[in-house]
Every structure is written in C-alpha cells, then in structure tokens.
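Derivation of every value follows stated rules applied to the coordinates shown; laboratory data play no part. Computed from a predicted model, the values in this text were never measured in an experiment. Note that each Cβ is placed from the backbone with ideal geometry, even for glycine, and that neighbours are counted across all protein chains shown.
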Amino acid sequence: MKKVRLIIVGAGGRGTIYARHALQMPESVEVVAVADPRDFFRDRVGEMHHIPEEKRRIDWRDFLAMEKFADAVVIATQDKMHAESAIAFARMGYHILLEKPLATSEEDCLRIHQAVLESGVLLASCLVLRYTNFTRVLKKLLDEGAVGEITSIQALEPTGHWRFAHAYVRGNWRKEAESSSVLMAKSIHDLDWLCYFIPAPPREVFSHGSRMFFRKEQQPEGAADRCTECALQDSCPYSAPHLYQERIRSGNMDNYVESVLEGRPPEDLTEILKTSPYGRCVFACDNDVPDHQTVSLEFANGATAVFTMAGCSRYGKRQLVIFGSHGEIRGDGDTLTLHTYRTGETRSIPIPPPVAGDRHGGGDFNLLKAFADAIRTGDRSGVVTGMDSSLESHMLVFAAEKSRHEHRMVSMAEMLKK
C-alpha cells in the first residue's frame with residue numbers, strides 16, 4: 001500500500017509536530033513539501049524530510065499553481081488564514097488535516113464545509129483530545145455503560161498563568177479581531193470533548209467570562225511596561241526574562257521559546273525581549289480576550305455539563321468528572337478512576353502510554369495515523385473529527401461567545417437557523 005504524500009502548510013509549532021510524527025510512521029506517510037514565510041521553520045521541516053528547494057515555499061499559494069503532486073495537506077497556519085487555504089486545497093482535490101479552529105467565523109466554517117462536500121475530500125480537524133489514549137479508553141468505558149446514563153459532566157482546563165500570558169496576553173491569540181476568541185483558540189478541544197461523551201446534541205448554552213486581571217489597572221506601582229526595564233521582575237510571576245531563561249537553562253527549547261527566538265540563538269534572548277511583544281508587561285499589552293471563562297450546557301437528552309477555563313492558574317492537567325446513573329468517573333488525561341454505586345467499589349483504569357514525543361497523550365500521533373489510514377484504505381471510520389462533528393463543535397463555541405457578549409442563554413436551534 002502506497003504512502004500518503006503530505007504537504008505541510010505552516011511549519012511553526014503545530015506543523016512541526018506533525019512533521020516529526022510523520023517520521024515515526026515511515027511506512028505510511030511522507031512529507032514532500034513545506035510552505036512557511038519564516039526561513040528557520042520552513043528549512044527545519046525541509047531538512048527533516050529532505051525536501052528539495054523547489055518544494056520549500058514561502059507562500060503556500062505556489063503549490064496551487066503546480067499540478068497536484070501530493071495526497072493531502074496539513075494546514076497549521078494562524079487561525080484567520082485557515083479558510084482561504086482549506087477551501088483552495090479542497091477544490092484541488094487534496095485531503096486536509098486542519099489545525100483547530102476550522103476558521104474564526106461562522107461564515108468561513110460553513111464555506112469550508114461546503115467546499116469539502118462539493119469536492120468529496122476527507123477533512124479531519126485537529127481536535128486531538130478525541131484521539132488521546134485516555135479518551136479512547138474512557139469512551140469505550142462509557143459506551144459499555146460503565147456509569148450507566150450520563151447525567152452531568154464537570155470539566156476544568158487550568159491553562160497555567162505563564163502559558164496564558166505567553167499566548168493570550170503577549171502572543172498571537174491576545175486580540176480576538178486578529179485571531180479568534182480564547183474559547184475558540186484554546187478550549188474548543190474541551191467543548192468538543194463534552195459533545196463526544198454525551199450521546200445527544202447540545203441544546204442550550206450560557207457563558208460568562210471577562211478580562212479581569214491582565215489589564216492596565218492591575219499593574220503594580222513601580223512596574224515598567226517592559227520586563228527588561230522593570231525593577232519588580234524578580235518578584236513577578238509573569239516576568240518574561242525569568243520564564244524563558246529558565247526554560248533555556250533547563251534545555252527545554254519548546255514551542256514557547258522557539259516562538260520568541262524565531263531562529264536566533266538563545267544568548268540573544270535579553271536583546272529580543274527589549275523589543276519583542278513577548279517582553280511586554282502583562283498589564284501593558286493590547287490584549288482583549290477573557291482570562292477566565294465558564295460555559296454551561298444542556299443537551300437534548302437532558303444531560304448537563306459545565307466547563308471552566310482558568311487563565312490565572314497553576315499549569316496542570318485537565319480535570320474531568322463524569323456523573324452517571326450507575327457510577328462516576330474521574331480523570332486527568334493520564335489517570336482514570338471508576339466508582340460504582342451499587343458495590344461502592346473504586347478502581348483505577350490503566351491508560352496506555354503515548355508514543356515518544358507526543359505531548360497530547362497520543363492524540364497528535366493517533367490523529368495523523370487515523371488520517372493517513374483513512375486515505376490509504378478508504379475506511380474513514382477512524383477519523384472521529386470529520387467535517388460534520390467538527391462544525392457542530394465550532395457552532396457551539398460561536399453560541400457560547402454570543403451568550404457571553406449578550407449576557408443571555410443561546411439555543412443551538414437559533415444558531416442553526418442562519
């Protein structure tokens with residue numbers, strides 16, 4: 001069976017993750033082209049897969065002018081860029097692995113949906129929580145009736161104070177108009193998770209959230225607008241020099257550090273932070289997205305769910321409690337505990353470890369493998385984030401944001417009338 005030939009469009013953190021996982025499945029996937037305007041990221045993927053220069057492009061649109069030379073494309077550009085590229089590649093007959101969110105507006109999500117329907121290509125969205133080893137074990141338990149009928153779910157995402165500051169105060173997702181809502185950018189995974197577990201469509205949604213902490217009024221007396229100039233940086237939990245220097249010293253050259261350095265050597269960090277958006281005081285940025293948010297849901301079968309995103313928090317694992325008629329399950333992405341009401345028994349459920357390098361509990365690797373297998377075999381059943389289910393989850397987020405802005409309950413029927 002032939003390999004699936006992939007194009008990587010957007011070779012930053014997420015694009016590179018899929019490029020690396022492709023190396024772990026050489027029998028089924030090969031990366032044959034890459035597009036990114038940044039030399040460092042484009043060439044890193046290019047060297048990783050020995051891609052010839054003519055297939056390393058600054059602009060992904062160059063590939064549209066070529067005769068179709070691959071089977072599929074991984075789109076991992078910035079959120080607002082997704083719609084144009086997804087629609088164009090669908091019309092060219094490329095299968096699509098699309099980083100979440102599908103798009104940042106209802107209109108663009110529907111346009112992508114229409115293009116995929118018309119072309120007949122496979123689109124899998126990167127809502128990777130559905131593919132983690134934890135979720136696969138949990139979903140099997142739920143489907144087998146381990147807790148009986150699900151009545152309610154509580155879910156918490158402790159984003160982490162430093163992580164939230166990096167991405168949603170200083171970084172690319174700080175302004176809704178330039179990217180998307182924080183609920184869409186960070187937590188659509190979680191709302192999609194709830195839809196996956198409860199066997200009924202969402203009916204009503206209510207959401208609260210605000211930019212309560214990361215604002216000018218909260219800036220301490222004596223603080224500077226740049227961390228490199230601030231007398232308080234040694235006592236500030238949001239100090240950019242401390243955050244990135246500590247990661248560099250520990251050898252943790254992860255996506256967060258890379259996004260700041262952009263290919264420059266680590267010794268340039270202090271100089272970079274003097275002018276980079278990542279060196280600003282968190283109370284002197286142009287951010288406008290909420291730093292905390294809750295979403296309450298009612299489903300068509302009467303089940304309810306509550307989700308909380310906490311930006312001011314200790315970085316930690318997602319917390320999940322599922323209450324059912326016969327028992328309850330608690331989990332954190334790595335561990336599962338099942339309690340049965342009738343016997344009073346509580347037992348731990350083992351979770352298989354993820355493949356090396358997968359920071360989403362196996363979700364990234366499992367998604368790429370399911371996507372490639374579907375293309376190779378024609379059996380799409382392994383892709384559990386297809387266009388239809390992903391569109392429903394996105395519409396749920398749009399409904400939650402409508403609720404937050406208008407301070408009212410929003411029905412999904414109201415959203416689907418559009």
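Residues of the range 144-184 that are small (G, A, S) and either in contact with a Pro (Cβ under 7 Å, 6 or more places away or on another chain) or under 20 Å from V257 (Cβ atoms) (or both): G160, A165, A167, G171, S180. When restricted to residues that are over 15 Å from the mean Cα position of the chain (by Cα) and either surrounded by 23 or more Cβ atoms within 10 Å (Cβ to Cβ) or of a type in the set (G, A, S) (or both), the range 175-193 contains 1.
Just one of the listed residues (A200, A185) is touching a strand residue (DSSP E or B) at 6+ places or on another chain (Cβ under 6 Å) and within 26 Å of F299 (Cβ to Cβ), and it is A200. Determine, yes or no, whether S235 is at negative phi, among the small types (G, A, S) and buried (at least 19 other Cβ atoms within 10 Å of the Cβ). Here the answer is no, as S235 does not meet what is asked. Take the residues in the range 204-255 that are in a strand (DSSP E or B) and within 21 Å of D286 (Cβ to Cβ), then tell me which one is farthest from the chain's Cα centre (by Cα). Per the stated criteria, the residue is R226.
The listed residues are L141, L129, L102, L156, and the only one of them that is of a type in the set (A, V, I, L, M) and more than 29 Å from H326 (Cα to Cα) turns out to be L102. The residues of the range 209-229 that are touching a Pro at 6+ places or on another chain (Cβ under 9 Å) and either of a type outside the set (G, A, S) or crowded, with 19+ Cβ neighbours inside 10 Å (or both), listed by number, are G209, R211, M212, C227, T228.
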